[in-house]
Amino acid sequence: MVCLTLKKIHLNKISLLTCKNLKSYFILKISVKQKLLFLLIFFQCFSQNSEKFERPSNIKSVIFYVDDIQASLPILEINQKLTLKFDDLRANDEFYYYTVERADAEWRKSRLVKSEYIDGYDDIRIKDFEYSYNTIQNYINYSLELPNSNTKITKSGNYFLKILNSNRETVLIEKFIVIDKKSDFSVKIKRTRNLQLIDTHHSVEFSFNYAKLKIQRPESQLKFYIIQNNIWKTMTNAGYPTFNNYNKLDFQYADDRVFESGNEYHFIDIQDYRIPGGNIYKIFKGETYSAVINYNVLRLNQNYTYNPDINGSYLVNTFNGTDSNTEADYIEVLFLLEGNELINKKEIFIVGDFNQHKKSKSNMLKYNPTTNFFEGKILLKQGIYNYKYVSNEHENSISGSFWPTENNYSVIVYLRRQGAICDEVIAMGYGNSKQIGI
């Protein structure tokens with residue numbers, strides 16, 4: 001009887017311990033799920049925040065380019081030079097620091113630690129800066145080059161360059177891509193086969209030879225992304241290849257590779273504050289320099305007119321000094337868009353590379369019933385600027401979309417090797433719609 005009682009007590013203890021273990025197991029499982037969910041949300045926010053991020057109003061004239069070519073897309077090979085320049089209009093000797101963060105092909109935060117993609121270290125103060133000279137608007141021009149003596153990037157891939165102030169607040173987020181080129185390929189731009197879109201859209205088609213890569217599953221290990229006119233927000237997954245033929249992936253017509261053509265950009269020339277430049281009605285001096293453009297009209301229902309542009313980019317330059325970095329002044333430009341037809345549109349914006357093609361209150365136009373113009377003022381550094389008008393309804397509802405429009409298209413190739421936790425960038429193809437085919 002005593003033995004039976006002891007056995008029962010022993011079994012109860014085992015049962016109690018088992019329950020405790022199960023409880024611990026479920027708590028651990030829930031904890032792991034919570035951590036995984038947190039990481040997923042963090043990585044998504046990391047990507048989304050870069051798109052929604054708005055620069056502070058004192059940070060202006062951000063140029064980010066490769067090998068001294070100002071209008072270039074910041075895509076470089078490991079041995080090339082990347083340059084960032086920007087102005088701080090507060091001119092209060094602020095300290096700025098830079099960090100470099102790696103991302104995957106979808107611009108989500110990478111799981112690599114920094115020592116795996118940086119030789120050296122980051123989070124370093126930018127020490128290269130100059131004060132403006134002989135300008136009405138005071139500013140400090142900051143400059144950063146990569147690689148430098150402290151920071152050298154060792155792996156190909158997508159990257160974020162972040163600039164922080166002394167309060168550890170982010171004031172700039174810039175994307176760039178490092179390529180370890182394994183192959184070259186060409187890109188063809190054609191009119192779309194969809195008869196409803198043939199007059200307004202472009203089709204991007206290309207082939208990629210992967211024989212030298214020695215990969216087993218090219219359709220899943222390779223990813224292809226298309227960028228129109230060097231504008232990051234147009235970056236689109238090219239989808240699946242049409243054919244896989246003898247170590248070559250063919251990307252022929254598909255909806256994933258069709259882009260709205262848009263229209264040529266407007267431009268203004270404010271390189272000289274003494275006389276009006278191209279498309280400037282008048283320029284005058286007050287507390288600051290001010291300029292009024294020759295008004296623009298709604299182009300949606302007009303015929304296409306060829307007008308050479310720089311595809312939304314801008315070039316900082318002045319005829320009133322020798323160093324555009326520090327001697328170019330700022331001019332408040334009044335933009336004017338005519339159109340009773342646009343009154344019912346809720347919001348109209350001016351966009352270009354100078355504001356990352358983002359819509360915000362600072363570049364929104366307001367309708368003036370006295371002049372019958374939509375009006376907006378933007379402070380710009382002397383130079384040449386491309387811009388266009390967009391509404392909150394549709395990107396090309398004001399300028400229209402026409403197949404002869406000249407556009408650049410870049411195709412970026414990513415490779416995820418078997419068992420790897422990061423994407424390599426191994427190639428870039430380029431095409432222009434000047435050589436458009438049918």
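The values are calculated or read from the model by the stated rules, or taken from the named source; none is laboratory data. Just so it is clear, the structure is predicted and the values come from calculations on it, not from any experiment. With ideal geometry, Cβ positions are generated from the backbone for all residues, glycine too; neighbour counts draw on all protein chains shown.
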Can you tell me how many residues in segment 116-170 are surrounded by fewer than 19 Cβ atoms within 10 Å (Cβ to Cβ), of a type in the set (Ser, Thr, Tyr) and more than 30 Å from Asn320 (Cβ to Cβ)? 5
Ile280 meets each of (1) within 18 Å of Asp329 (Cα to Cα); (2) under 28 Å from the mean Cα position of the chain (by Cα) with one exception, condition (2)
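For segment 204-214, state whether one or more residues are under 19 Å from Asn244 (Cβ atoms) and either small (Gly, Ala, Ser) or not assigned by TED's automatic domain parsing to the domain that holds Leu249 (or both).
Narrowing segment 204-214 to residues under 19 Å from Asn244 (Cβ atoms): 204-214.
Right, trim to either small (Gly, Ala, Ser) or not assigned by TED's automatic domain parsing to the domain that holds Leu249 (or both) and you get 207, 211.
Yes, segment 204-214 contains a residue that is under 19 Å from Asn244 (Cβ atoms) and either small (Gly, Ala, Ser) or not assigned by TED's automatic domain parsing to the domain that holds Leu249 (or both).
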Candidates Tyr273, Tyr225, Tyr210, filtered to the one that is in contact with a Pro (Cβ under 7 Å, 6 or more places away or on another chain) and hydroxyl-bearing (Ser, Thr, Tyr): Tyr210
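Sort through Lys388, Lys381 and tell me the only one that's touching a residue at least 24 places away in the same chain (Cβ under 8 Å), out of contact with any helix residue (DSSP H, G or I) (no Cβ under 9 Å at 6 or more places or on another chain), crowded, with 17+ Cβ neighbours inside 10 Å and closer than 23 Å to Asn317 by Cα. Let's see the steps before the verdict.
Details: Lys381 fails: out of contact with any helix residue (DSSP H, G or I) (no Cβ under 9 Å at 6 or more places or on another chain).
Going through Lys388, Lys381 in turn, just one is touching a residue at least 24 places away in the same chain (Cβ under 8 Å), out of contact with any helix residue (DSSP H, G or I) (no Cβ under 9 Å at 6 or more places or on another chain), crowded, with 17+ Cβ neighbours inside 10 Å and closer than 23 Å to Asn317 by Cα: Lys388.
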Considering each residue of segment 209-233, count those that are in contact with a strand residue (DSSP E or B) (Cβ under 7 Å, 6 or more places away or on another chain), among the hydroxyl-bearing types (Ser, Thr, Tyr) and at pLDDT below 95, and give that number. 1
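Between Asn279, Asn303, Asn307, Asn263, which is at positive phi and either at pLDDT 95 or above or not charged (D, E, K, R) (or both)? So that I can check it myself, show each step before the final result.
On the way: Asn303 fails: at positive phi; Asn307 fails: at positive phi; Asn263 fails: at positive phi.
Residue meeting the stated conditions: Asn279.
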Failed condition for Ile231, given (1) closer than 30 Å to Thr371 by Cα; (2) crowded, with 16+ Cβ neighbours inside 10 Å; (3) out of contact with any Asp or Glu (no Cβ under 7 Å at 6 or more places or on another chain); (4) β-branched (Val, Ile, Thr): (1)
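Pull up segment 184-218, narrow it to residues that are part of a loop (DSSP other than H, G, I, E, B) and of a type in the set (Val, Ile, Thr), then point me to the one that is nearest to Asp87 (Cα to Cα).
Step one: filter segment 184-218 for residues part of a loop (DSSP other than H, G, I, E, B), giving 184-185, 192-200, 210, 214-217.
Subsequent filtering for residues that are of a type in the set (Val, Ile, Thr) retains 192, 198, 200, 215.
Working: Thr192: 42, Ile198: 43, Thr200: 38, Ile215: 46 Å.
Across segment 184-218, the extreme among qualifying residues is Thr200.
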Do any residues in segment 160-188 that are farther than 25 Å from Ile63 by Cβ have Cβ atoms under 6 Å from those of residues that are of a type in the set (Asp, Glu) and assigned to a loop (DSSP other than H, G, I, E, B), where the two are at least six apart or on different chains, and which pairs are they? none
So, of the residues in segment 322-340 that are under 28 Å from the mean Cα position of the chain (by Cα) and without any contact (Cβ under 8 Å) to a residue 60 or more places away in the chain, which turns out to be farthest from Val351 (Cα to Cα)? Ser324
Segment 341-380 - residue that is within 26 Å of the chain's Cα centre (by Cα) and among the β-branched types (Val, Ile, Thr) and, of those, modelled with the lowest pLDDT: Ile348
For residues in segment 124-158 being among the charged types (D, E, K, R) and in contact with a Phe, Trp or Tyr (Cβ under 6 Å, 6 or more places away or on another chain), which is nearest to Phe176 (Cα to Cα)? Lys155
Select the strands (runs of 3 or more DSSP E) contained entirely in segment 327-438, then report the ones holding at least 3 residues which are within 19 Å of Phe267 (Cβ to Cβ). 330-338, 348-351, 373-381, 383-391
Out of all the residues in segment 170-183, is one or more assigned to a loop (DSSP other than H, G, I, E, B), at pLDDT 95 or above, among the polar types (S, T, N, Q) and not assigned by TED's automatic domain parsing to the domain that holds Asp256? no
One residue is enough: does segment 71-80 have a residue meeting the conditions surrounded by fewer than 20 Cβ atoms within 10 Å (Cβ to Cβ), assigned to a loop (DSSP other than H, G, I, E, B) and touching a helix residue (DSSP H, G or I) at 6+ places or on another chain (Cβ under 9 Å)? yes
